[in-house]
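What follows is a set of notes on a single structure, which appears directly below.
The values are calculated or read from the model by the stated rules, or taken from the named source; none is laboratory data. Small disclaimer: the values here were computed from a predicted structure and weren't measured. Backbone-built Cβ (ideal geometry, glycine too); neighbour counts: all protein chains shown.
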Amino acid sequence: MRKRYGTVQAVRDVSFSIERGEVFAFLGPNGAGKTTTVRMLCTLTRPSGGHASVAGFDVARQPKAVRRRIGLVFQEPTLDDRLTAEQNLRFHAVLYHVPAAQVEERIGRVLRLVALEDRRHHLVSTFSGGMARRLEIARGMLHTPAVLFLDEPTVGLDPQTRALVWEDVLRLRREEQVTIFLTTHYMDEAEYADRLAIIDHGQIVATGTPDELKRQVGTDTVGLVTADNPAAAARLEAAGFRLRRGEDHLVVFAEDGEALVPRLIETAGVRVRTVHVHRPTLDDVFLHYTGRQIRDEHAERALPPRARARMARRR
Amino acid sequence: MSATALDLPGRPLADERESLAEELRTVGMVWEREAIRFFRTRARVLSSFVQPILFLFVLGYGMSTLVGSTAGFDFKKFLFPGIVAMTVMSTALSSAISIVWDREFGFLREMLVAPVSRTALVAGKTLGGASIAAVQGTIMLALAPLIGVHLTPLVVIEVIGMELLMAVSLTAFGVFVASHIRRMEGFSVVMQLLLFPMLFLSGALFPLSGLPGWLTVLTRINPLTYAVAPLRSVVFAAQHMPPAAAAKFTSSVTLFGHTLSNAACIGITCAFAVAFATLAVAGFGQPD
């Protein structure tokens, strides 16, 4: 999949491709253009330039063909909470042309995927925010889409529920072989992705696997506190390690810090008191490419999604 | 996924159209949802009967003493078909609130992004609301014996047919209005503003003959007028009405000096229904 956009301020010249079966994360702060990109890929907003194809169909010229092959989970809830979970799914099955003979089986399957079988006949109004979100993910999978789009699937959920949602997502990828495209501004979540793109001010600033990106900004560092730092430093340097001497510790730069720990201890030749391996985080990556930290920008995100959705509509 | 935008000219359009069967299935599902939701809110079911019953008994008995009866036919009997029409009308118009509700709670999006036509969605909404309204109107018929109105099975069937037609037209109108309203409160206000003038100017509550000119004009541009008249004349046809009563409590509508037949009224109502449905489809799902 390739796409280029010429003019829109929201998304400038974004180009990327996703492999079948990948979990691909779009990481960036609010207003970076994540949702706009998703909307264009889902044929909800027409690109003002360039082109994109999803599951082999052009988003501008064959929007319905695209929509039949994608599942969508929006930031704001889109369930009918006066219907039961099953009624919501049944409605969706018809709208997405799931053959009548398969509806029953698919509903059972997607409810199992998100562990909500026992809630099948409950009204959605009795669901917690996390359960509703997981039901929406199940609904997005009901018509066996080739690509599942999740726009900020975990926003406003507590950490435990976020973990559950991620379990669901990874299980989907494993059991349904679906390609998953998701947006997030949580660094720790982007780590779960096979590959990710960092987007800022409507432009992709970096693309790659989490490890690749982290390697681009620097190597691992291993902090050592030993019984005799100068002696250890001398031996390590003699063995070819790059290091920096701190006041009461040594910092060794290495490609794969964790794997190196045993050799470092052996080479140091003195008693090692503490070892601290630091890998660059995606936060370091974001900082490296944008000069800012993503965490600073999300104070208002603490509100639950429904409240935010309402606020957005009231504006 | 590979970039295939360039090698597609042969196959794109077949996949862009829905088959009729898929469209009908969508209509049925949207219809079913409207029904499930309506009957789940019992308060709404009951409250939609309160006003018509109040009008029928309070206004009916009150006015009967003033108007008096002509050869055994009184105002209550005249009013009865109008009250049935009123029940259909208020239920049909208010059923469109589900669209505002859907927008408020996000479900409208679930429908609009699906690979289905807006026509199918509007048809489902309209038929769903219309069926509910027709059911409500038909339940009102159970009060006929209390008023002394005689009904035969054939009359009931004819009345149900008229109710459905009227309900489709009014629900489509409601859907059209609701598509342009963003807030629930706004919907209630607009519906109250529409409901009472349309009701009072429809002939549901008093005969349309011998009115002052300006009032006659207003009643004749009211779409509901052409639905109430045939509904009433179908009911009246089953009553023993002496000529004096028929002249006083007229059920017919005149337009440009011609008395319209039932068929003509039904034709006009159909035309309104088609027009409103077209407007509803055009207005449905406009972006916020």
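Condition first: within 14 Å of chain A (Cβ to nearest Cβ) and either outside any helix (DSSP H, G or I) or not charged (D, E, K, R) (or both). Now tell me which residues in region B:143-198 satisfy that.
Taking region B:143-198 first, the residues within 14 Å of chain A (Cβ to nearest Cβ) are B:181-186.
Correct list: B:I181, B:R182, B:R183, B:M184, B:G186.
Pairs under 7 Å by beta carbon, first residue within 21 Å of A:W166 (Cα to Cα) in region A:183-212, partner acidic (D, E), six or more apart or different chains?
A:T183/A:D151; A:T183/A:E152; A:T184/A:E152; A:M187/A:D283; A:D194/A:E22; A:R195/A:E22; A:T209/A:D194; A:P210/A:E191
If you go through region A:87-100 one residue at a time, how many are surrounded by fewer than 20 Cβ atoms within 10 Å (Cβ to Cβ), within 7 Å of chain B (Cβ to nearest Cβ) and of a type in the set (A, V, I, L, M)?
Residues that pass the stated criteria total 0.
Of the residues in region A:39-66, how many are part of a helix (DSSP H, G or I) and under 17 Å from A:R20 (Cα atoms)?
Taking region A:39-66 first, the residues part of a helix (DSSP H, G or I) are A:39-41, A:63-66.
Filter again for under 17 Å from A:R20 (Cα atoms), leaving A:41, A:66.
So the answer is 2.
List the residue pairs whose Cβ atoms are under 8 Å apart, where the first residue sits in region B:239-268 and is more than 15 Å from B:G203 (Cα to Cα), the second is of a type outside the set (V, I, T) and assigned to a strand (DSSP E or B), and the two are 6 or more positions apart or on different chains.
Listed by first residue and then by second, the contacts come to B:Q239/B:F73; B:M241/B:F73; B:P242/B:F73; B:A245/B:F73.
Considering only residues that are out of contact with any helix residue (DSSP H, G or I) (no Cβ under 8 Å at 6 or more places or on another chain), touching a residue at least 24 places away in the same chain (Cβ under 8 Å) and assigned to a helix (DSSP H, G or I), which ones fall in region B:199-220?
Result: B:R220, single match.
With respect to the numbered conditions (1) closer than 24 Å to A:E19 by Cα; (2) of a type in the set (G, A, S); (3) more than 13 Å from every other protein chain (Cβ to nearest Cβ), which one is the sole condition not fulfilled by A:G156?
(1)
Within the set of pairs 6 or more residues apart or between chains, which connect a residue that is on the phi < 0 side of the Ramachandran plot inside region B:180-191 to a residue that is of a type in the set (S, T, Y) with Cβ atoms less than 9 Å apart?
B:F187/B:S94; B:S188/B:S94; B:M191/B:S90; B:M191/B:S94
For region B:81-121, enumerate the residues that are of a type in the set (A, V, I, L, M) and within 14 Å of chain A (Cβ to nearest Cβ).
At the first step, the residues of region B:81-121 found to be of a type in the set (A, V, I, L, M) are B:83-86, B:88-89, B:92-93, B:96-97, B:99-100, B:108, B:111-114, B:116, B:120-121.
The answer is B:I97, B:I99, B:V100, B:L108, B:M111, B:L112, B:V113, B:A114, B:V116, B:A120, B:L121.
Just the residues that are within 11 Å of another protein chain (Cβ to nearest Cβ), over 15 Å from A:R90 (Cα atoms) and crowded, with 16+ Cβ neighbours inside 10 Å, please, taken from region B:20-56.
The answer is B:E23, B:F38.
Restricting to region A:67-91, name every residue that is assigned to a helix (DSSP H, G or I) and not polar (S, T, N, Q). Step through it out loud before you land on a result.
Quick first cut of region A:67-91, residues assigned to a helix (DSSP H, G or I) only: A:67-68, A:85-91.
Result: A:R67, A:R68, A:A85, A:E86, A:L89, A:R90, A:F91.
A:I198 - would you say it is β-branched (V, I, T) and touching a Leu at 6+ places or on another chain (Cβ under 6 Å)?
Numbers: β-branched (V, I, T): yes; touching a Leu at 6+ places or on another chain (Cβ under 6 Å): yes.
Considered against the rule, which asks whether it is β-branched (V, I, T) and touching a Leu at 6+ places or on another chain (Cβ under 6 Å), A:I198 comes out as yes.
Among the candidates A:A138, A:A132, single out the residue that is at pLDDT 90 or above, over 24 Å from A:R68 (Cβ atoms) and not in a loop (DSSP other than H, G, I, E, B).
Details: A:A138 fails: over 24 Å from A:R68 (Cβ atoms).
Testing whether each residue is at pLDDT 90 or above, over 24 Å from A:R68 (Cβ atoms) and not in a loop (DSSP other than H, G, I, E, B) leaves just A:A132.
Return the residues of region A:46-57 that are over 22 Å from the mean Cα position of the chain (by Cα) and more than 7 Å from every other protein chain (Cβ to nearest Cβ); say none if nothing qualifies. It would help to see each step written out before you state the result.
Step one: filter region A:46-57 for residues over 22 Å from the mean Cα position of the chain (by Cα), giving A:46-51, A:56-57.
If the condition is that a residue be over 22 Å from the mean Cα position of the chain (by Cα) and more than 7 Å from every other protein chain (Cβ to nearest Cβ), then A:R46, A:P47, A:S48, A:G49, A:G50, A:F57 are the ones that fit.
Working only within region A:180-233, note down all residues that are part of a helix (DSSP H, G or I), within 10 Å of the chain's Cα centre (by Cα) and surrounded by 17 or more Cβ atoms within 10 Å (Cβ to Cβ). Give the derivation first.
Residues of region A:180-233 part of a helix (DSSP H, G or I): A:187-190, A:210-217, A:229-233.
Remaining after also requiring within 10 Å of the chain's Cα centre (by Cα): A:187-190.
Correct list: A:M187, A:E189, A:A190.
Of the numbered conditions (1) outside the structural domain of A:R139 (by TED's automatic domain parsing); (2) β-branched (V, I, T); (3) under 16 Å from the mean Cα position of the chain (by Cα), A:V73 fails exactly one; give the number of that condition.
Of (1) outside the structural domain of A:R139 (by TED's automatic domain parsing); (2) β-branched (V, I, T); (3) under 16 Å from the mean Cα position of the chain (by Cα), only one is false for A:V73: (1).
If you scan region A:58-86, which residues turn out to be farther than 23 Å from B:S98 by Cβ, of a type in the set (D, E, K, R) and more than 7 Å from chain B (Cβ to nearest Cβ)?
A:R69
For region A:7-48, name all the residues that are more than 18 Å from A:D200 (Cβ to Cβ) and touching a residue at least 40 places away in the same chain (Cβ under 8 Å).
A:T7, A:I18, A:E19, A:R20, A:G21, A:E22, A:V23, A:L41, A:C42, A:P47, A:S48
When the residues of region A:23-38 are filtered to those that are surrounded by 19 or more Cβ atoms within 10 Å (Cβ to Cβ) and assigned to a loop (DSSP other than H, G, I, E, B), which remaining residue is nearest to the other protein chains (Cβ to nearest Cβ)? Steps first, answer last, please.
Step one: filter region A:23-38 for residues surrounded by 19 or more Cβ atoms within 10 Å (Cβ to Cβ), giving A:23-29, A:32-38.
Next, from what is left, pick out any that are assigned to a loop (DSSP other than H, G, I, E, B): A:28-29, A:32-33.
On the way: A:G28: 22, A:P29: 24, A:A32: 22, A:G33: 19 Å.
Only one residue fits best here, namely A:G33.
Which residue, of B:V116, B:V100, B:V88, is touching a residue at least 40 places away in the same chain (Cβ under 8 Å) and within 18 Å of B:L201 (Cα to Cα)?
B:V88
Quick check: anything in region A:161-174 crowded, with 16+ Cβ neighbours inside 10 Å and either in contact with a Cys (Cβ under 8 Å, 6 or more places away or on another chain) or assigned to a loop (DSSP other than H, G, I, E, B) (or both)?
The answer is no; no qualifying residue exists.
Return yes or no: is B:I157 surrounded by fewer than 21 Cβ atoms within 10 Å (Cβ to Cβ) and farther than 22 Å from B:C265 by Cα?
Working: surrounded by fewer than 21 Cβ atoms within 10 Å (Cβ to Cβ): yes; farther than 22 Å from B:C265 by Cα: no.
When the stated conditions are applied, B:I157 does not pass them.
Whether any residue in region B:217-230 is in contact with a Pro (Cβ under 6 Å, 6 or more places away or on another chain) and either closer than 21 Å to B:M198 by Cα or more than 14 Å from chain A (Cβ to nearest Cβ) (or both) is what I want to check.
Of all residues in region B:217-230, those in contact with a Pro (Cβ under 6 Å, 6 or more places away or on another chain) come to none.
No, the conditions are met nowhere in region B:217-230.
Identify, by number, the condition in (1) buried (at least 16 other Cβ atoms within 10 Å of the Cβ); (2) under 19 Å from the mean Cα position of the chain (by Cα) that B:F75 doesn't meet.
Failed condition: (2).
How many residues are more than 17 Å from the chain's Cα centre (by Cα), buried (at least 22 other Cβ atoms within 10 Å of the Cβ) and small (G, A, S) when one looks only at region A:133-156?
Looking only at that region, the number is 1.
Within region A:120-130, is even one residue touching a Ser or Thr at 6+ places or on another chain (Cβ under 6 Å) and buried (at least 19 other Cβ atoms within 10 Å of the Cβ)?
No: zero hits.
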